[in-house]
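Here is the structure we will look at.
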Amino acid sequence: MIANVPGKPSTIVPTIHPLHERGAPFAQRDNLLFIGNFNHRPNRDAVVFFVEEILPLIRHSLRDIKFDVVGSNAPVEFQKFASSGVRIHGYVEDITPLLNSSRVFVAPLRFGAGVKGKIGDALSFGLPVVTTDVGAEGMGFKNGNQVMIANSPGEFAAAVVRVYEDRDLWQQLSDAGYAHIDKYFSPKAVEKAILNSMASSPS
């Protein structure tokens, strides 16, 4: 698209995430959260992958942990997971309470394209994220800094447990992730990028 309009001002506009109040501190939070529209196949796959292959490994260390699954159009097959501490909420009009009270946001995406809005939303609330290379794509993250990145079930489970139990790591990820959204994905950051592109264009 940009190549078709040489000499014209242009910039890449990312997903935009206003910053929110950061909710409860580490000690007052618990459980894991995933949010997504389940008409989108990568989201359905992510939940099945997490519940069947990752969550059992997490429970070796965090026996009673719960997994909250939020989003429209959840398939009927998800109901079979409910007895294993997986809470299928369906559509939730206001997800702020969950974002402000969950301890870790998980996004175990194995395929898909583009910037993942759910991850930007979680970070805009200061909620630490564990995701995959696919989930982190296009957002400029450094593993262990703004988010934790892992791909295999064992590595993903270990990352979740580490963030869940380590208060200092949790706080570092919360702070760095929040700052990253502010710098690159907040309304003021996107506005600045667009204005800079216009100002640097040939007259």
query: Roughly what would the spin-label model give for residue 84 and residue 165, points 7 Å off Cα along C-beta, in nm?
result: 2.1
- request: Give, as a single signed number, the net charge of other residues whose beta carbon lies under 10 Å from the beta carbon of residue 125, with Lys and Arg counted +1 and Asp and Glu -1.
  value: -1
message: Need one value: the accessible area of residue 84 in square angstrom, 1.4 angstrom probe, rounded to the nearest 10.
response: 40
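Give me the number: length gained by fully extending residue 172 to residue 60, i.e. 0.36 nm times residue separation minus the C-alpha to C-alpha distance, one decimal in nm. Mind showing how you got there, number by number?
Values: separation 112, 0.36 × 112 = 40.32 nm, distance 2.49 nm.
Length gained between residue 172 and residue 60: 37.8 nm.
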message: What does the extension gain come out to for residue 111 and residue 37, with contour length at 0.36 nm per residue minus their alpha carbon separation?
response: 25.1 nm
task: Of the listed pairs 118/142; 66/183; 66/142, which have alpha-carbon separations greater than 21 Å here?
output: 66/183; 66/142
query: If amide H atoms are built 1.01 Å from N in the plane of the peptide, which residues on other chains or at least 5 residues away come under 5 Å of the amide H of residue 31?
result: 66, 103
statement: Residue-ordered couplings for segment 28-45, obtained by feeding phi - 60° into the Karplus form 6.51 cos²θ - 1.76 cosθ + 1.60 and rounding to whole Hz (Gly and Pro as x), are 9, 10, 7, 6, 10, 9, 10, 10, x, 7, 8, 6, 8, 4, x, 6, 4, 4
message: How big is segment 74-114 along each principal axis, measuring the range of its Cα positions in Å and listing the largest first?
response: 28, 27, 20
field: Of every Cα-Cα pair in segment 12-100, the percent that sits beyond 14 Å
entry: 69
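The values are calculated or read from the model by the stated rules, or taken from the named source; none is laboratory data. The structure presented is a predicted model; accordingly, all values stated were derived computationally and were not measured. Glycine gets a Cβ as well: all are built from the backbone with ideal geometry, and neighbour counts include every protein chain shown. When the accessible area is computed, the model is the full protein with side chains, heavy atoms only, and any ligands, DNA or RNA have been set aside. Shrake-Rupley method; radii C 1.70, N 1.55, O 1.52, S 1.80 Å.
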